[in-house]
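Everything on this sheet refers to the single structure shown next.
The values are calculated or read from the model by the stated rules, or taken from the named source; none is laboratory data. Given the structure is predicted, the values throughout are model-derived calculations rather than measurements. Here the Cβ is made from the backbone with ideal geometry for all residues, glycine too, and neighbour counts use every protein chain on show. In case anyone asks, the SASA skips ligands and DNA or RNA and just uses the protein heavy atoms, side chains included. Shrake-Rupley method; radii C 1.70, N 1.55, O 1.52, S 1.80 Å.
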Amino acid sequence: MRSFASFFSLILLLASSCLYAAAPPDGASGDYGAGRLSIGLNDLPWHANRVSLRWWNDNNRGKELNINEISLAYNYYPDDDYSIMINTQELSLYFLRRDPLSVAYGMYFVKGVGLGLGFKGRFSRETLYEGVVMKSSSFSIPLTIHFPFGIEHFFWNRCKNISYSIDADIHATIQYNYEKNNVVTRHIYTSFGVASKFFLRFYF
């Protein structure tokens with residue numbers, strides 16, 4: 001079901017980008033969200049695992065800060081053994097521009113570029129048989145460039161501080177992996193992809 005929703009969102013985005021009008025009807029641009037900060041929650045009502053902060057200025061330029069799945073776990077065992085796990089899937093900052101669409105009041109076509117950085121690591125100490133101590137560590141650092149585009153629609157004319165956004169994100173990642181156990185290994189990976197996102201946004 002979610003894969004179908006992602007496909008439908010991507011088709012809707014591509015269609016809306018073709019409907020951009022240089023001279024929208026009066027009121028299409030307005031001051032929706034200008035000068036305000038918004039907080040966005042994704043994938044409601046399934047699971048909201050990402051927080052998005054977006055704000056616009058009067059020139060329809062804006063920024064968006066995404067915080068995605070940050071966690072820290074620490075376990076302590078007898079014999080001074082321990083394990084520490086850190087997961088910051090990604091912190092990303094987008095630089096955005098929006099243009100009004102003629103299809104509906106308060107609807108914008110949004111595009112931009114962004115940069116994301118993540119960190120995932122595990123550090124542990126374990127006492128094996130006959131008192132042998134094993135220390136190990138591993139971490140990965142992905143660096144991602146994003147090219148987001150989509151629509152944001154302030155659908156409730158009487159309440160201009162609520163909107164929804166549907167975005168597609170074309171991204172490329174380079175990731176550095178490090179692991180130290182008995183030996184040290186290092187790898188560099190690259191990947192490319194596209195993802196769709198839905199947010200319900202509240203401006204204040």
(request) State the percentage of accessible surface on the range 155-204 attributable to carbon and sulfur atoms; use a 1.4 Å probe and exclude ligands, DNA and RNA. (result) 60 percent
(request) For the range 72-81, take each phi angle, set θ = phi - 60°, evaluate the Karplus expression 6.51 cos²θ - 1.76 cosθ + 1.60, and give the result in whole Hz per residue in order, putting x for glycine and proline. (result) 9, 10, 10, 10, 10, 10, x, 6, 6, 7
(request) Please find the FRET efficiency linking Lys63 to Glu126, where r is the Cβ-Cβ separation and R0 is fixed at 35 Å, and quote it to the nearest 0.05. (result) 0.20
(request) Just grab the label-to-label distance for Leu143 and Trp156, each label 7 Å out from Cα along the Cβ direction, in nm (one decimal). (result) 4.2 nm
(request) Within the set of other residues whose C-beta is less than 11 Å from the C-beta of Ser137, count the net charge using Lys and Arg as +1 and Asp and Glu as -1. (result) +3
(request) Show the residues, 5+ positions off or on another chain, whose built amide H is closer than 5 Å to the amide H of Lys63. (result) Trp55, Leu96
(message) Loop only by DSSP, 15 or fewer other Cβ within 10 Å of the Cβ. Give me the trypsin sites (Lys or Arg not before Pro) in the range 149-204 that pass, ordered by residue number.
(response) Arg158
(message) Rounded to the nearest percent, how much of the accessible area of the range 63-116 (1.4 Å probe, protein heavy atoms only) is carbon and sulfur?
(response) 61 percent
(message) Between the range 96-149 and the range 59-76, what is the separation of their alpha carbon centroids in Å?
(response) 8 Å
(message) Taking 22 Å as R0, compute the FRET efficiency from the Cβ-Cβ separation of Thr190 and Phe119 and round it to 0.05.
(response) 0.80
(request) Provide the per residue accessible area, probe 1.4 Å, for the range 83-179, rounded to a whole number of square angstrom. (result) 51 Å²
(message) Spelling out what I want: for every residue of the range 117-128, take phi, set θ = phi - 60°, compute 6.51 cos²θ - 1.76 cosθ + 1.60 (Karplus), and round to whole Hz; glycine and proline get x.
(response) 9, x, 7, 9, x, 9, 10, 8, 9, 9, 8, 8
